[in-house]
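Values quoted throughout were computed directly from the atomic coordinates according to the rules given, and no laboratory measurement underlies them. In this text the structure is predicted, and so the values were computed from the model without any measurement. Cβ placement follows ideal geometry from the backbone for every residue including glycine, while neighbour counts extend to all protein chains displayed.
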Amino acid sequence: MNIRQLSPDFSATAQITPEQVKEIAAAGFKSIICARPDNEDAGQPDFAAIEAAAKAEGLVAIHIPVSGMRGEGQIIRFHQAWEDSPKPMLGYCRSGGRAGSLFATLDV
């Protein structure tokens, strides 16, 4: 995993696996945001598998899939997740770019 810290409370990375969630929790993250739609690529873990692993580690996991340009609904959902979820937060997608672009909409 190549985790890029974008702020003290938000970092972004590429696709994670359920097996990596334990390492994510050990690194101190409290929430995971998935900005990747399920079935975008063959072999990609479904969000449900990531969510189950996160719950087992006591983490919050939220799915805000972005395909192409992010829309107003996705931005609103991310802002709500940011307000409601414990931090620090790790966002992921295929490369980390879409997760980072959601974070960039915040005024922090």
*Would you grab the residues whose amide H sits under 5 Å from the one on GLY91? Only those 5+ places off in sequence or on another chain, please, with H modelled 1.01 Å from N.*
SER11, ALA12, THR13, ILE33
*asked:* Can you give me the orientation-averaged projected area of the convex hull built on the Cα atoms of the chain, in nm²?
replied: 6.0 nm²
*What residues qualify as long-range amide H neighbours of ALA61, i.e. H under 5 Å apart, gap of 5 or more or another chain, H built at 1.01 Å from N?*
ILE32
*Using 7 Å Cα-to-Cβ label points, what is the VAL108/GLU83 separation (nm, one decimal)?*
1.5 nm
*asked:* If I stretch the segment between ALA14 and GLU72 completely, what's the gain in nm (0.36 nm per residue apart, minus their alpha carbon distance), one decimal?
replied: 18.6 nm
